[in-house]
Amino acid sequence: VEARYLGRSPARIEDDVTDAIVRALKQETGSVLAFLPGQGEITRVVERLSARITDTTIDIAPLYGALGPQAQDLAIQPARGGKRKVVLATSIAETSITIEGVRVIIDSGLQRVPRFEPDIGVTRLETVRVSRAAADQRMGRAGRTEPGVCYRLWSEPETQGLVPFAEPEIKSADLSGLVLDCAE
C-alpha cells in the first residue's frame, strides 16, 4: 500500500476528507474506505459528498456502531457490479472487517476515545490523534485483496510524532461497575 500525505487545512476535517475522497475517485480505481472520528463527521461528509458526486455508479455508505444491522451489512458488502463504493467509517472498520474491492483509504488521523473524568464521575468521548499502530492498521485495509493507496490527512514527518500505540482503555475507563460486580 502506497502512502500519500495530503496535510490538513485549517478547515473542518469534513471538508478535507470530502476533498480527498473526490480526488481519490478521480485518480484511483476501486472502492474507498474513509476513517472519521465519529457519527457526526460521517453524517456531514455524506451530505457534502451527496452534493458533489453526481456519478450514479458511486454508492456512499456510512458505517458506525449506532447504525442498524441492515445498514452495517450494506456498508461492508462488496460494491454491486459496475459500481464503486465510498464507505465512511469510524474506527469500527479498523481491524474487524475487510471490504472487498477497497483499494483506497482516506485517513483523517483522528478517533474518538472514552475518557473517564473521576472528578465529576462521567465518561466523555474525546477526539484524539490516532497512534502509529492504528494508522498502519487503517492503511492495511486497502492492501487486503489488491495493491492500494492510502491518503493521510497529515504530513509525513507528523507520522513520527504519533504515539506508537494507543493507551489501553483500562487506564482511562471507569472501573467502578467492574469493582462492584466483583464485590458481589
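The values are calculated or read from the model by the stated rules, or taken from the named source; none is laboratory data. Just so it is clear, the structure is predicted and the values come from calculations on it, not from any experiment. For neighbour counting, all protein chains shown are included, and Cβ atoms are generated from backbone atoms with ideal geometry for every residue, glycine included. Surface accessibility is based on the protein's heavy atoms, side chains included, excluding ligands, DNA and RNA. Shrake-Rupley method; radii C 1.70, N 1.55, O 1.52, S 1.80 Å.
Tabulated data
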| item | result |
| --- | --- |
| Test result for residue 44, surrounded by fewer than 16 Cβ atoms within 10 Å (Cβ to Cβ) and of a type in the set (Lys, Arg) | no |
| Condition check for residue 120: out of contact with any strand residue (DSSP E or B) (no Cβ under 9 Å at 6 or more places or on another chain), part of a loop (DSSP other than H, G, I, E, B) and either exposed (fewer than 15 other Cβ atoms within 10 Å of the Cβ) or among the hydrophobic types (A, V, I, L, M, F, W, C) (or both) | yes |
| Some residue of the range 46-60 being under 19 Å from residue 1 (Cβ atoms), aliphatic (A, V, I, L, M) and touching a helix residue (DSSP H, G or I) at 6+ places or on another chain (Cβ under 8 Å) | no |
| Filter result for residue 103 (among the charged types (D, E, K, R) and open to solvent by 40 Å² or more (accessible area, probe 1.4 Å)) | no |
| Residue in the range 55-72 that is part of a helix (DSSP H, G or I), open to solvent by 30 Å² or more (accessible area, probe 1.4 Å), within 14 Å of residue 142 (Cα to Cα) and at pLDDT below 95 present | no |
| All positions within the range 74-88 that are open to solvent by 10 Å² or more (accessible area, probe 1.4 Å) and outside any strand (DSSP E or B) | 74, 76, 77, 78, 79, 80, 81, 82, 83 |
| Residues of the range 1-41 that turn out to be open to solvent by less than 60 Å² (accessible area, probe 1.4 Å), touching a residue at least 12 places away in the same chain (Cβ under 8 Å) and not acidic (Asp, Glu), as a count | 20 |
| Positions within the range 133-184 being modelled with pLDDT of 90 or more, surrounded by 15 or more Cβ atoms within 10 Å (Cβ to Cβ) and either among the hydroxyl-bearing types (Ser, Thr, Tyr) or part of a loop (DSSP other than H, G, I, E, B) (or both), in sequence order | 148, 151, 153, 154, 159, 162 |
| Residue within the range 89-112 that is farther than 24 Å from residue 131 by Cα, in a loop (DSSP other than H, G, I, E, B) and free of Cβ contacts under 8 Å to residues at least 60 places away in the same chain present | yes |
